[in-house]
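J.: Encoded as structure tokens, here's the structure I'll be asking about.
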Amino acid sequence: MESHPIAVAQVGANSVKRNGRDSSLSCLLREALRLIETENSGMAVEHVASALAGRLWSTCESGDFNLWVLGFEQASGSARIFRVGICKSAAAHGPLVESSDEKAIADGSGKAFVNSICGDLYAAFETALKSQQAADEFTFGGHWHSLAIQGPRSPAWTRRPRTGTLGIQELLEQRDLSCVSLSAASPQEDIRAQMKQMKNALSQRAQTEGGKRPRTIGGCMEHWERSRPEKNPPNWNRVFRLVAIGDEANIADADDVSDDDAVLYATHVQELTASLPSPL
């Protein structure tokens, strides 16, 4: 928040349904925080958490995510943390708002790789990354950003979020891009088209002898293991990573998807589809 020592962290769905259309959750959060700041000059952390919970619950038609609203009370100077849960896919009657005083990793796919929280949070993060790599999984990591919250001052970025790029150069191996050109009207549209091409190719290759084609990447993996186990499957971790990047590009602001992002993405998608065996 611009004028309060309060910040919000998010885990879970990055896009939600709003007015029947997919919307970026980050855009909704920024909009909600601006309104809350405009309407209330001296809000406590708990009030911000409750206001966010009510506004997002009424605004979002679908989406499952958790928010961590944390910071310092302006009156007492004490630090507070509140967890807000929005789960529209379950039969919930409203958002969950609960206070948290524990020093622990409670949300996020990376928590399975955190054995303990040491005094240095960055050291815990690095240890979790190494554990994830040893397990040959990819559920979190890549690029990261960091915010310092110190009452009574406004929060300050110690490592700013990226702008103008998705930063996928840190997520995908580098390639010679000199011979690759964009085929769509914009980098964002090109990534959308490349992801659609990859999904179609995987669905076609995972088709069963009866002609049924899976509709999801998880279904492709299951069909592949069941119908053609003798064929070398694609690297599913790589596939899921490409899908995650494509999903991020799809909901990002158009200005935050660069030409280099789209070209590198297209190169990896084309490599992957070229390595697939012929359809059944």
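The values are calculated or read from the model by the stated rules, or taken from the named source; none is laboratory data. Quick caveat, the model's predicted, so the values are computed rather than measured. Here Cβ is always computed from backbone atoms with ideal geometry, including for glycine, and neighbour counts include all displayed protein chains. Accessible surface areas use protein heavy atoms only, side chains included; no ligands, DNA or RNA. Shrake-Rupley method; radii C 1.70, N 1.55, O 1.52, S 1.80 Å.
J.: With axes computed from alpha carbons, what is the tilt in degrees of helix 25-39 against the longest principal axis of the chain, rounded to the nearest 10 within 0 to 90?
T.: Taking the Cα atoms of the chain, the angle to 25-39 is about 20 degrees.
J.: For segment 39-75 and segment 212-280, write down the distance between their C-alpha centroids in whole Å.
T.: The distance from the Cα centre of segment 39-75 to that of segment 212-280 comes to 36 Å.
J.: When the accessible area of the chain is computed with all protein chains present and a 1.4 Å probe, what percentage of it is carbon and sulfur?
T.: Whole-percent figure for carbon plus sulfur exposure: 48.
J.: Let me ask something additional. Taking Rh as the Kirkwood radius, which is the inverse of the mean 1/r over Cα pairs, what is the Rg/Rh value for segment 67-108?
T.: Rounded to two decimals, Rg over Rh is 1.06.
J.: Got the relative contact order for segment 15-84 handy, in percent, Cα pairs under 8 Å and 6 or more residues apart?
T.: Once normalised by length, the contact order is 33 percent.
J.: Scanning the chain for GluC sites (Glu not before Pro) in DSSP loops with at most 15 other Cβ atoms within 10 Å, what's the longest stretch left with none?
T.: Here the longest segment lacking exposed loop sites spans 3-60.
J.: Choose one of 166, 93, 52: the residue whose Cα lies farthest towards the positive end of the charge dipole of the chain (beta-carbon charges +1 Lys, Arg; -1 Asp, Glu; about the Cα centre).
T.: Toward the positive end, the furthest listed residue is 93.
J.: For the chain, compute Rh as the Kirkwood radius over C-alpha pairs and then the Stokes-Einstein diffusion coefficient at 25 °C and 0.890 mPa s; write the answer in µm²/s, rounded to an integer.
T.: In µm²/s, the coefficient rounds to 115.
J.: How much accessible area per residue does the chain have, in Å², with a 1.4 Å probe?
T.: 57
J.: First check a/c for segment 30-85, with a ≥ b ≥ c the square roots of the eigenvalues of its C-alpha gyration tensor; if it is under 1.5, answer rounded, and if not, answer prolate when a/b is larger than b/c or oblate otherwise.
T.: Taking the square roots of the gyration eigenvalues as a ≥ b ≥ c, segment 30-85 is oblate.
J.: Any chance you could check the Cα centroid distance between segment 101-133 and segment 139-210 for me, in angstrom?
T.: The two parts, judged by their Cα centres, are 23 Å apart.
J.: Using helices alone, I'd like the mean residue ellipticity at 222 nm for the chain: each DSSP H run of four-plus residues gives -39500 (n - 2.57), total over residue count, nearest 500.
T.: The per-residue figure over the chain is -12500 deg cm²/dmol.
J.: Note down the relative contact order for the chain as a percent, whole number, built from C-alpha pairs under 8 angstrom at least six residues apart.
T.: Dividing the mean separation by the residue count of the chain yields 17 percent.
J.: Follow-up question, since we're still on this one. Evaluate the relative contact order of segment 60-146 (contact order divided by residue number), counting alpha-carbon pairs under 8 angstrom at least 6 apart; express in whole percent.
T.: 18
J.: Quick check for me: using +1 on Lys/Arg Cβ and -1 on Asp/Glu Cβ, what's the dipole size of the chain about its Cα centre, in debye to the nearest 20?
T.: The calculated dipole for the chain is roughly 660 debye.
J.: In Å, what Kirkwood hydrodynamic radius results for segment 59-152 from the alpha-carbon pair distances?
T.: One decimal place: 15.8 Å for the Kirkwood radius.
J.: Indicate the gyration tensor shape class of segment 110-169 (rounded, prolate or oblate), computed on the Cα atoms with a ≥ b ≥ c the square roots of the eigenvalues: a/c under 1.5 is rounded; otherwise a/b larger than b/c is prolate and the rest oblate.
T.: oblate
J.: Tilt of helix 45-59 relative to the longest C-alpha principal axis of the chain, in degrees (0 to 90, nearest 10)?
T.: Tilt relative to the chain: about 40 degrees.
J.: Starting from the amide H of residue 258, placed 1.01 Å from N in the peptide plane, find each other amide H under 5 Å away whose residue is 5 or more places distant or on another chain.
T.: 166
J.: Pull out a ≥ b ≥ c, the square roots of the eigenvalues of the alpha-carbon gyration tensor of segment 133-280, then state rounded if a/c is under 1.5, prolate if not and a/b is larger than b/c, and oblate in the remaining case.
T.: Because a/c hits 1.5 or more and a/b exceeds b/c, segment 133-280 counts as prolate.
J.: Among 143, 204, 193, flag the residue with its Cα farthest along the positive direction of the charge dipole of the chain, charges on Cβ as +1 for Lys/Arg and -1 for Asp/Glu.
T.: Value: 204.
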